[in-house]
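Enquirer: First the structure, then my questions, so here it is.
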Amino acid sequence: GQSLEQPSEVTAVEGAIVQINCTYQTSGFYGLSWYQQHDGGAPTFLSYNALDGLEETGRFSSFLSRSDSYGYLLLQELQMKDSASYFCAVKGWGKLQFGAGTQVVVTP
Amino acid sequence: DGGITQSPKYLFRKEGQNVTLSCEQNLNHDAMYWYRQDPGQGLRLIYYSQIVNDFQKGDIAEGYSVSREKKESFPLTVTSAQKNPTAFYLCASIADLSGNTIYFGEGSWLTVV
């Protein structure tokens, strides 16, 4: 089966750096992706890792270690608009599974 | 522009009724998914389909049914057997097996009255 674990909530101040960890178990593995969701909206794509290493997209970076079944999303130079839920997702054989989400709260 | 269209955006269901949520995509994607999201919770997989005329149960399929008669359409029926259907429903599709870049519809809010 598939399962993903990520912290439920992280609080940080504007300008800080936040790391959201994700560990996963999956039957088959194609890649780990990250999504942002604001209240009432659909998730939007942030980043994707199929191979080990770091992917950087502006203020957001994502890391993957396939041998450890582990990845993280790094949010730099936090802004108030980054307050949202962040989900990791794994594509295995057929299924596309999401973690329970991490609520990021950015304070002034 | 290509994308996924879900309808209706808001839907109210009476006890004992079946309701159907529409999901249409013009992205030519093979794989489509339905998720349920409860307030403050993650996305739970209801059903998915990797090809026309084939679909698989997800983690919470009880009380739901789907069909995939056309590549672009994957409707979800919430049956009266689903005892607690009030939730936000999301339809998604992916371009290839890797799962890189998942396209979501805008979601449908279902409320039981």
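Enquirer: If the only charges are +1 at each Lys and Arg Cβ and -1 at each Asp and Glu Cβ, what is the size of the charge dipole of the range B:49-113 around the Cα centre, to the nearest 20 debye? Write down the numbers at each step before the final one.
Expert: On the way: 5 positive and 7 negative charges, 28 e Å.
The calculation lands at about 140 debye.
Enquirer: May I ask you to derive the relative contact order of chain A, considering only C-alpha pairs under 8 Å and at least 6 residues apart, and to give it as an integer percent?
Expert: Numbers: 283 pairs, mean separation 40.7, N = 108.
With pairs under 8 Å counted, the relative contact order is 38 percent.
Enquirer: Rounded to the nearest 20 Debye, what is the dipole magnitude of chain B about its Cα centre when Lys and Arg each give +1 and Asp and Glu each give -1 at the C-beta?
Expert: Numbers: 10 positive and 12 negative charges, 76 e Å.
Using only the charged Cβ atoms, the result is roughly 360 debye.
Enquirer: Averaged over its residues, how many other protein chain Cβ atoms are within 10 Å of peptide B:100-107's Cβ atoms?
Expert: Details: counts 8, 4, 10, 2, 7, 1, 2, 5.
Across B:100-107, the average partner-chain Cβ count within 10 Å equals 5.
Enquirer: For the range A:54-104 and the range B:11-81, what is the centre-to-centre distance using only Cα atoms, to the nearest Å?
Expert: Result: 25 Å between the Cα centres.
Enquirer: In square angstrom, what is the accessible area per residue of chain B with a 1.4 angstrom probe? Provide the component values of the computation, followed by the final result.
Expert: Details: 5500 Å² over 113 residues.
Ligands and nucleic acids excluded, the figure is 49 Å² per residue.
Enquirer: Here is a follow-up. Going from most exposed to least, what order do A:Met80, B:Met32 have by accessible area with a 1.4 Å probe? Please report the intermediate quantities before stating the final value.
Expert: Values: A:Met80 85, B:Met32 0 Å².
Per-residue accessible area, sorted high to low, gives A:Met80, B:Met32.
Enquirer: Of all accessible surface on the range A:33-108 at a 1.4 Å probe, what whole percent is carbon and sulfur?
Expert: Accessible surface attributable to carbon and sulfur in the range A:33-108 totals 51 percent.
Enquirer: Between B:Phe12, B:Phe74, B:Thr101, whose Cα lies farthest towards the positive end of the dipole of chain B when Lys and Arg beta carbons carry +1 and Asp and Glu beta carbons carry -1, centred on the Cα centre?
Expert: Going by the charge dipole, the pick is B:Phe12.
Enquirer: If you take the accessible area of B alone plus A alone and subtract the pair, what total do you get in square angstrom, rounded to 100, with a 1.4 Å probe?
Expert: Numbers: alone 6380 and 5780 Å², together 10360 Å².
Chains B and A together bury roughly 1800 Å² of accessible area.
Enquirer: Please identify the GluC sites (Glu not before Pro) of the range A:8-108 that satisfy two criteria: DSSP loop assignment and at most 15 other Cβ atoms within 10 Å. Which are they?
Expert: On the way: sites: A:Glu9, A:Glu14, A:Glu55, A:Glu56, A:Glu77; in loops: A:Glu14, A:Glu77.
For GluC sites (Glu not before Pro) across the range A:8-108 that sit outside H, G, I, E and B with at most 15 neighbouring Cβ atoms in 10 Å, the list reads A:Glu14, A:Glu77.
The values are calculated or read from the model by the stated rules, or taken from the named source; none is laboratory data. Computed from a predicted structure; not experimentally measured. So basically every Cβ, Gly included, is an ideal-geometry build from the backbone, and we count neighbours across all protein chains shown. Protein only, heavy atoms only, side chains kept; ligands, DNA and RNA dropped before computing areas. Shrake-Rupley method; radii C 1.70, N 1.55, O 1.52, S 1.80 Å.
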